[in-house]
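Asker: Sharing a structure below in structure tokens format, with a few things to ask.
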Amino acid sequence: MLKHLQRYLRSHPRTADAWAIAVAFGLAVYAGVEGTWGTTSDQLAWWPGVVLSALACVALWWRRRHPVAVVVIVALCVGPEVIYGYLTTPILLAPAMLALYWLAIETDRRTAHLYGLVLVVLVVPPSVLGDNFGNPVLAALNPAFFLFLPVAWGSALQARRAYLGSLYMRAELAERTREEEARRRVEEERVRIARELHDVVAHHLALANAQAGTAAHLVRRRPEQAERLITDLAGTTGSALRELKATVGLLRRPDEQGCSTEPSPGLGRLPELIAEHAAMGLAVTVSDEGEERPLAPGVDLTAYRIVQEALTNVGKHAATATARVTLSYAGNLLTITVADDGAGERATPVEDAPGGYGLIGMRERAHSAGGRFTAGRGPDGGFTVVAELPLNF
């Protein structure tokens, strides 16, 4: 029953205001009619108290929109009642208490305390001077307590609302931050998978295309060599399928079956990569500088993909049969250099060509691993790719 009443009053605030004002008016009128208890002035008229209480309660109707003005009006009504000689009781002060309560809720704490103090100064001296019970301390503390009580109560409620509001804002900010972080991670994963797919497709399909073209050219004049190329073509396409399956498997759920358990490629598979290009007629020499050290898995994969993409670009764009790969270990850096001495078939970098993402992908990989990347033509006409990667990023 009580819960239904509370829900009804929350959904009908004007009805709640009317009830509160009616109760305050009834208490104030009762205090005005019976306000001469214990006094020697039994001839006090009751109607001034009723009129002043009615004016104060009418002003309470606008306490939500104009709380300061309502407090001033109520003070101008309650003050004369006390000065006139009515007994200062909580029921006489009910309109003032209600006005101060809403002032504390709707305004800042300093304003509420200031107007509460003004009302106390206005009410307490007449209450003490008109005391007929011989207890001036009680005559002073009684109205002061009941005037400051609604101020304290309203300030506490306002502080609680501000605290709950800050909690809501923090929760909303945390939720928005989680969503933004999730979107950022999804975007990073999408770009990473796109790079993986590009490297796998660009490398293996370039090799497969070259092997198929060469085999078609040699099938009549050198069938043995063409047969060997076709066999290599089957291995190239099989390797491409395996890597594509592993990359697409990243999109599966962890509990789904069929996810590939093959480890990510690294520099340990560099000999296989060199052999694939050697079968296509590109002689690649690999040299190490400094003491070889183990790499973090992410750096190892990044290094392998950069070498793979650089050699693929050499095979597609450089008019040369040789390439050099240098792995230099110095301090906390691994410097990868892939160079050729070919003239090339294009005058612009890969990233400037329509649909070319080779250099863009290598640069993104290097930056994502915390390293640096540069690429450009050498003084002798060749093309050089340099990537610096931290060993333990």
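For every residue, the table says whether it meets (1) surrounded by fewer than 18 Cβ atoms within 10 Å (Cβ to Cβ); (2) within 22 Å of TYR30 (Cα to Cα); (3) at pLDDT 85 or above.
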site: ALA94; (1), (2), (3): no, yes, no
site: MET97; (1), (2), (3): no, yes, yes
site: TYR115; (1), (2), (3): no, no, yes
site: SER127; (1), (2), (3): no, yes, no
site: PHE133; (1), (2), (3): yes, yes, no
site: GLY154; (1), (2), (3): no, no, yes
site: VAL191; (1), (2), (3): yes, no, no
site: VAL200; (1), (2), (3): no, no, no
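Asker: Can you work out which of the residues in the stretch 56-74 that are buried (at least 20 other Cβ atoms within 10 Å of the Cβ) and at pLDDT below 85 is nearest to VAL23 (Cα to Cα)?
Answerer: So the residue we want is CYS57.
Asker: Before we move on, is ARG110 within 19 Å of LEU149 (Cβ to Cβ), assigned by TED's automatic domain parsing to the domain that holds ALA16 and either surrounded by fewer than 14 Cβ atoms within 10 Å (Cβ to Cβ) or more than 49 Å from the chain's Cα centre (by Cα) (or both)?
Answerer: yes
Asker: Answer yes or no: is there a residue in the stretch 92-114 that is within 22 Å of ARG63 (Cα to Cα), among the hydrophobic types (A, V, I, L, M, F, W, C) and not in a helix (DSSP H, G or I).
Answerer: Yes, the stretch 92-114 contains a residue that is within 22 Å of ARG63 (Cα to Cα), among the hydrophobic types (A, V, I, L, M, F, W, C) and not in a helix (DSSP H, G or I).
Asker: Still on this structure: Working carefully through the options PRO125, PRO136, find the one that is assigned by TED's automatic domain parsing to the domain that holds ALA22 and within 16 Å of TYR86 (Cβ to Cβ).
Answerer: When all the criteria are applied, what remains is PRO125.
Asker: Count, please, the residues in the stretch 283-316 that happen to be in a loop (DSSP other than H, G, I, E, B) and under 34 Å from the mean Cα position of the chain (by Cα).
Answerer: Summing the residues that are in a loop (DSSP other than H, G, I, E, B) and under 34 Å from the mean Cα position of the chain (by Cα) in the stretch 283-316 gives 2.
Asker: Out of (1) more than 17 Å from GLY281 (Cα to Cα); (2) at pLDDT 70 or above, what's the single condition that is false for THR214?
Answerer: (1)
Asker: On to the next question. Go through the stretch 251-282 and count every residue that is in a loop (DSSP other than H, G, I, E, B), surrounded by 12 or more Cβ atoms within 10 Å (Cβ to Cβ) and either in contact with a Lys or Arg (Cβ under 7 Å, 6 or more places away or on another chain) or modelled with pLDDT of 75 or more (or both).
Answerer: Result for the stretch 251-282: 5.
Asker: When ARG242 is evaluated against the numbered criteria (1) closer than 21 Å to VAL307 by Cβ; (2) at pLDDT 70 or above; (3) surrounded by fewer than 17 Cβ atoms within 10 Å (Cβ to Cβ), which criterion, by number, is the only one it fails?
Answerer: So ARG242 meets the others, but not (2).
A quick yes/no check of all residues on (1) modelled with pLDDT of 70 or more; (2) among the aliphatic types (A, V, I, L, M); (3) not in a helix (DSSP H, G or I):
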| site | (1), (2), (3) |
| --- | --- |
| ALA16 | yes, yes, no |
| ALA24 | yes, yes, no |
| VAL29 | yes, yes, no |
| THR40 | no, no, yes |
| ALA45 | no, yes, yes |
| GLY49 | no, no, no |
| ALA54 | yes, yes, no |
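Asker: Hey, could you check the stretch 328-351 for residues that are under 18 Å from VAL386 (Cα atoms) and surrounded by fewer than 11 Cβ atoms within 10 Å (Cβ to Cβ) and say which is modelled with the lowest pLDDT?
Answerer: Restricting to residues being under 18 Å from VAL386 (Cα atoms) and surrounded by fewer than 11 Cβ atoms within 10 Å (Cβ to Cβ), the top hit is THR348.
The values are calculated or read from the model by the stated rules, or taken from the named source; none is laboratory data. Predicted model, so just to flag it, every value in this text is computed and none were measured. We place every Cβ from the backbone using ideal geometry, glycine too, and count neighbours over all the protein chains shown.
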